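Have a look at the structure below, then the notes.
The values are calculated or read from the model by the stated rules, or taken from the named source; none is laboratory data. None of these values were measured; they are calculated from a predicted model. When we count neighbours, we look across all protein chains shown, and the Cβ atoms used for this are built from the backbone with ideal geometry, even at glycine.
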Amino acid sequence: MNSSQQAPLAVTIPTEVFDLPVHEIRRGYRSDVYFWRAKRALEASNRHRTATMQVFQKQHAVVCGIEEALAILTVGVGHYQDASRAFALFDRHIEQKRRIRALYRGDPEQLRQALDERKRIETALDDEWVSELDCVRVYSLRDGDMADPRETVLLIEGPLSEFVHLETLYLGVLARRTRIATNVAEVARAADGKPVFFFPARFDHWAVQGGDGYAASIGGATAVSTDAQGEWWGMKGGGTIPHCLIAACDGNTVEATRAFADAFPDTPLVALVDFENDCVQTSLEVAEAMGDRLWGVRLDTSETMIDASLVHAPDADRQTGVTPALVRNVRQALDKAGFTSVHIGVSGGFDSKKIARFESEQVPTDAYGVGSAFMKGSCDFTADVVKVDGRPMSKTGRAFRHNDRLVERVL
């Protein structure tokens, strides 16, 4: 905390970008129930003492999720003026949500009426909510900052009863976003300036795409594969021709590439060239057919297969998947045929270690597509009360740790 030397910093992403379930946050519906019960116990016993909550994690990491955590605090700090009435309204709100989901396959007029009723319930819940943001001060690092192990990344000061129920939410946000940003940053460093494409959408639940794509941008990804992944930071999804399109064209990669190019003339054209497990021949065929329209080819050979250009190599048993030798074969063939401007992208089983090996061996790769490697590992955050009314108060081993890098945030 260093508020005397740094002006308070406003949030950099508007709260509405995060599409937060505001009423569920306020009611503790998505919180570990013991935090919600702690809030209710503090309120019932009229304990509104000021607490300092300190948040940290245990590894070198690229911090991400700070802005989203601040948004959660912005909408969630406070209490209900009539708790009993608010709880009854919230139960109706959840029931109405379920009814609306069922009505999407039913009568349109009933759906409209149900949507109107939900709005009335939400308005009534808003009327019951008393925001206490003015009683809370927040200090944090910024998204994209490097954090050391156990370095404080977020500090919240205010009446504990007004924000204790939010701990599950902001810790979960920080854990996921930081994990992805850190993984992407590791891959981006290994790629040494070459484009890194964030393509893990198929490996996780669709609902996490917005925040994951934002975290990927913080870590250094160049592109994402879905529009939702780019929503928070203003990018559209991109990618190459999928295998299914080639299959629909009877296995003819050239025909599939031409169909794609005709449908999307303004999209950089990247052909997927491993469908017949002969990346060299297919790359040449596509380059000859598409000419200057072709930006590049992508090699995505299965890790269980050996490309046709390598089956007779002395070390063929070690040439499964996309290997340096395969990339060099494709590059040499394209250059020899005069297609020196055609780029080569690679995907399939790439992580920071494999990319670092490619770079150290100066493999002529122009871009890397990475998927599930971005989702691996963990980056767990912990929150502790470390002061009460300005005096040290914490469980043993979790004392307050001063951090000059924290900046006061305006919610």
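The figures follow:
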| quantity | calculated |
| --- | --- |
| Residue match in region 163-171 (condition: surrounded by fewer than 24 Cβ atoms within 10 Å (Cβ to Cβ) and closer than 19 Å to Thr12 by Cβ) | no |
| Total residues in region 282-292, condition crowded, with 17+ Cβ neighbours inside 10 Å and not aliphatic (A, V, I, L, M) | 3 |
| Inter-residue pairs, beta-carbon under 7 Å, first on the phi < 0 side of the Ramachandran plot and in region 144-163, second at pLDDT 95 or above and acidic (Asp, Glu), 6+ apart | Pro159/Glu132; Ser161/Glu43; Glu162/Glu132 |
| Region 199-219, residues that are at pLDDT 95 or above and within 21 Å of Gly349 (Cβ to Cβ) | Asp212, Ala216, Gly219 |
| Looking only at region 355-397, and only at residues there that are charged (D, E, K, R) and touching a Phe, Trp or Tyr at 6+ places or on another chain (Cβ under 9 Å), the one that is farthest from Ala221 (Cα to Cα) | Lys387 |
| Qualifying position, being assigned to a loop (DSSP other than H, G, I, E, B), in the same structural domain as Lys236 (by TED's automatic domain parsing) and either among the hydroxyl-bearing types (Ser, Thr, Tyr) or within 26 Å of Ser225 (Cα to Cα) (or both), among Phe350, Phe260, Phe339 | Phe350 |
| Residue selected from region 96-143 under the condition hydroxyl-bearing (Ser, Thr, Tyr) and touching a residue at least 60 places away in the same chain (Cβ under 8 Å), by the criterion nearest to Lys58 (Cα to Cα) | Ser140 |
| Hits in region 181-197 - residues which are in contact with an Asp or Glu (Cβ under 8 Å, 6 or more places away or on another chain), over 17 Å from Cys379 (Cα atoms) and buried (at least 21 other Cβ atoms within 10 Å of the Cβ) | Ala190, Ala191 |
| Residue satisfying all of: in region 36-91; in contact (Cβ under 8 Å) with a residue 12 or more places away in the chain and hydroxyl-bearing (Ser, Thr, Tyr); nearest to Trp232 (Cα to Cα) among these | Thr74 |
| Options Gln96, Gln110: the member that is out of contact with any Lys or Arg (no Cβ under 6 Å at 6 or more places or on another chain) and of a type in the set (S, T, N, Q) | Gln110 |
| Residue pairs meeting the criteria (Cβ under 6 Å; at least 6 apart or on separate chains; first within 10 Å of Ala181 (Cα to Cα) and free of Cβ contacts under 8 Å to residues at least 40 places away in the same chain, in region 202-214; second outside any helix (DSSP H, G or I) and small (Gly, Ala, Ser)) | none |
| Answer residue from region 107-161, given it is farther than 30 Å from Arg398 by Cβ, of a type in the set (Asp, Glu) and under 32 Å from the mean Cα position of the chain (by Cα) and is surrounded by the fewest Cβ atoms within 10 Å (Cβ to Cβ) among those | Asp126 |
| Any hit, region 298-309, residues being part of a loop (DSSP other than H, G, I, E, B) and in contact with a Cys (Cβ under 6 Å, 6 or more places away or on another chain) | yes |
| Total residues in region 112-141, condition assigned to a loop (DSSP other than H, G, I, E, B) and within 18 Å of His402 (Cβ to Cβ) | 1 |
| Members of region 293-340 found to be in contact (Cβ under 8 Å) with a residue 40 or more places away in the chain and surrounded by fewer than 17 Cβ atoms within 10 Å (Cβ to Cβ), listed by number | Ser302, Glu303, Ala337 |
| Filter result (part of a loop (DSSP other than H, G, I, E, B) and either surrounded by 14 or more Cβ atoms within 10 Å (Cβ to Cβ) or without any contact (Cβ under 8 Å) to a residue 24 or more places away in the chain (or both)) within region 370-379 | Gly371, Cys379 |
| Residue within region 48-63 that is on the phi > 0 side of the Ramachandran plot and at pLDDT 95 or above present | no |
| Options Val33, Val75: the member that is of a type in the set (Val, Ile, Thr) and buried (at least 20 other Cβ atoms within 10 Å of the Cβ) | Val75 |
| Top-ranked residue of region 267-281 - restricted to ones that are hydrophobic (A, V, I, L, M, F, W, C) and either over 37 Å from the mean Cα position of the chain (by Cα) or under 12 Å from Val330 (Cβ atoms) (or both), ranked as surrounded by the fewest Cβ atoms within 10 Å (Cβ to Cβ) | Val280 |
